[in-house]
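Each remark here refers to the structure printed beneath this line.
Computed from the coordinates by the stated procedures, all read-outs in this text should not be read as laboratory data. Nothing here was measured: the structure is a model prediction, and the numbers come from that model. Methodologically, a virtual Cβ is constructed for each residue, glycine included, from the backbone with ideal geometry; neighbour enumeration extends over all protein chains shown.
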Amino acid sequence: MPRSMRKRTVVLLVATAAFVLMFAQWRINSRPLSAADSENLTNPLPGLSAQQRKDFDDGLAEFSDVEKAEDGLGPVFNGKSCAECHAVPSVGGSEPNVGVARETRIGRIFNGAFDPLDGSVPGSVNRGGGLLQQRAIDLPGCHLKGEVVPPEATIVSLRNSTPLFGAGLIEAIPDGTILANQSNGGRPNYVLNPDTGGTELGRFGWKAQVATVHQFAGDAYLNELGVTNPSFPKENLPQGEPIPAGCDTVHDPEDDGSGVTAFANFMRFLAPVPPRLPATPEVQSGQQLFTQVGCASCHVPMMMTGANSVAALDKKPVNLFSDLLLHDVGTGDGIEQGQAKGNDFRTAPLWGLSRRDRYMHDGRSNTIEKAILRHGGEAQHAINLLAGLSRSDYAQLLSFLGSL
């Protein structure tokens, strides 16, 4: 039976079982979130057509489906399903705190340029590329090990999976709207989109290194699950070495494009987190302070989508609290992606902040306050103003952030 047909026969079962599994995994491995105990945030955008709602449901099932070697998993990989890495507080969120799915990105400076150790830099070596695949399939005659940081790598960065809620709304924001925020000092990241062969404005990922949800899906299918697809048709080489015989049993592309499309449909039609928590007087005062000290110059509260053939995405407000541009705020990890330099990060969207329990690219900050205090660089002026706030004003600012 073709792979795509086999999966469709278990759509409802997989979706239900996966959601229960992911919810249980979050409850076990994460601290309680302030308003999430009774919430399911994995919801479709309001206003979808019947076909779009079906595409969302089918995409959720595919997103949650556990891949196997006979589906093309591996030979090296980080997760067996997308939902494994996007599970907190429900499917489509960030990763559970189990230490398995966290990305490890590597590189070095070689002859004055960034080298992702993928063999693309003349004179350098191939050690499997800039993203480690830390797990491997185990088949009769194939006993690979997951990749480890090679000795050549002098730059190592841990990355949390970014939440995907509202991704379709972000994708639907016109380029011009995003670029208008450059007056605040932000810089765009123009990246190659393999789906079109052209260079496009990046808006997803920690360094805005991905332009569209379809590209995001194809990239994740290959680099996180090890499944080749029309957008990314070449297998990753384990630690840069040839794939041993018997370790890759499915012809490329292992996904015919239907899986990637389903992933993209799920992300495109996934609703943002529910409305903010109640806007108490303290929260309202905190939002005013957020703007006064300059945080809102990068964490832009709202942008609008443009005209869109999907009614649910047509001229809608996007309350994401980000300019989607690159800034150096003193938390750089040395990794370069596209035009993003080692010190650059995309302004992280703050919507859904109250439903998270770890912050910043590496998850090292376990409170909002700790995340704030790590800011410097282009954010230093705002940090200095924050330091001058009274205790009560600072508490109001934190109340506002906790309401998002």
(request) Compute the label zone of LEU385 within region 275-296: residues whose backbone N is under 20 Å from the point 7 Å along Cα-to-Cβ. (result) 282-296
(request) Using a cut-off of under 14 Å, list every residue of region 169-207 whose amide N is near the label point 7 Å from the Cα of LYS315 along the Cα-to-beta-carbon line. (result) none
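Looking at the square roots a ≥ b ≥ c of the eigenvalues of the Cα gyration tensor of region 177-265, which shape do they give, rounded for a/c under 1.5, prolate if a/b is larger than b/c, or oblate? Mind showing how you got there, number by number?
On the way: a/c = 3.21, a/b = 2.12, b/c = 1.51.
Verdict is prolate for region 177-265.
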(request) Work out the length of the dipole vector of the chain about its Cα centre, built from +1 on the beta-carbon of each Lys and Arg and -1 on the beta-carbon of each Asp and Glu, and round it to the nearest 20 debye. (result) 940 debye
(request) Measure off 7 Å from each Cα along the Cα-to-Cβ vector at THR280 and MET302, then give the distance between these two points in nanometres to one decimal. (result) 2.4 nm
(message) So for each of 218-229, 59-70, 102-113 I average, over its residues, the number of other beta carbons within 10 Å; can you give me the resulting order with the highest mean first?
(response) 218-229, 59-70, 102-113
(message) For the chain, which cysteines have no second Cys with its Cβ under 4.7 Å from theirs?
(response) CYS82, CYS85, CYS295, CYS298
(message) Apply the Karplus curve 6.51 cos²θ - 1.76 cosθ + 1.60, θ = phi - 60°, to the phi angles in region 147-153 and return the couplings in whole Hz, x for Gly and Pro.
(response) 6, 10, 5, x, x, 6, 6
(request) Take the alpha carbon atoms of region 98-155, find their center, do the same for region 270-310, and report the distance between the two centers in whole angstrom. (result) 38 Å
(message) Which one, VAL213, VAL310, GLN288, projects farthest toward the positive side of the charge dipole computed for region 166-321 from Cβ point charges (K/R +1, D/E -1)?
(response) GLN288
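Just order 359-366, 132-139 by mean Cβ neighbour count inside 10 Å, highest at the front, would you?
The most tightly packed comes first, giving 132-139, 359-366.
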(request) Could you give me the radius of gyration and the Dmax of the chain, taking only the C-alpha atoms into account and expressing both in angstrom? (result) 21.0, 67
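Exposure proxy check: SER258, SER81 ranked by fewest other beta carbons within 10 Å?
Working: SER258 17, SER81 23.
Ascending number of Cβ neighbours within 10 Å: SER258, SER81.
Could you tell me which of the pairs LYS316/LYS370; LYS80/LYS207; LYS80/LYS145 are separated by over 21 angstrom between their Cα atoms in the structure shown?
Values: LYS316/LYS370 33 Å; LYS80/LYS207 24 Å; LYS80/LYS145 15 Å.
Beyond 21 Å between Cα atoms: LYS316/LYS370; LYS80/LYS207.
If we sort 307-316, 273-282 on the protection proxy, mean other Cβ atoms within 10 Å, highest first, what's the order? List each step's numbers first, then the result.
On the way: 307-316: 15.3, 273-282: 13.7.
With the highest mean Cβ count within 10 Å placed first, the list reads 307-316, 273-282.
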(message) Using only Cα atoms and rounding to the nearest 10 degrees, what angle (0 to 90) does helix 11-29 make with the longest principal axis of the chain?
(response) 60 degrees
(message) Checking the a/c ratio against 1.5 first, then a/b against b/c, what shape does the Cα gyration tensor give for region 108-163?
(response) oblate
(message) Using amide H atoms built in the peptide plane, which far-off residues or other-chain residues are under 5 Å from PHE77 H to H?
(response) GLN134, ARG135, ALA136
(message) Under 5 Å between amide hydrogens, which residues at least 5 positions from PHE110 or on another chain qualify, with H placed 1.01 Å from N in the peptide plane?
(response) ASP115
(request) With +1 on each Lys and Arg Cβ and -1 on each Asp and Glu Cβ, and nothing else charged, work out how big the dipole of region 211-291 is about its Cα centre, in Debye to the nearest 20. (result) 540 debye
(message) With angles folded into 0 to 90 degrees, how steeply does helix 213-223 sit against the dominant principal axis of the chain? Use alpha carbons for both and round to 10.
(response) 50 degrees
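Indicate the gyration tensor shape class of region 284-404 (rounded, prolate or oblate), computed on the Cα atoms with a ≥ b ≥ c the square roots of the eigenvalues: a/c under 1.5 is rounded; otherwise a/b larger than b/c is prolate and the rest oblate.
Numbers: a/c = 1.79, a/b = 1.17, b/c = 1.53.
Here region 284-404 falls in the oblate category.
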(request) Could you tell me how many degrees, from 0 to 90 and to the nearest 10, lie between the Cα long axis of helix 391-402 and the main elongation axis, the longest principal axis, of the Cα atoms of the chain? (result) 40 degrees
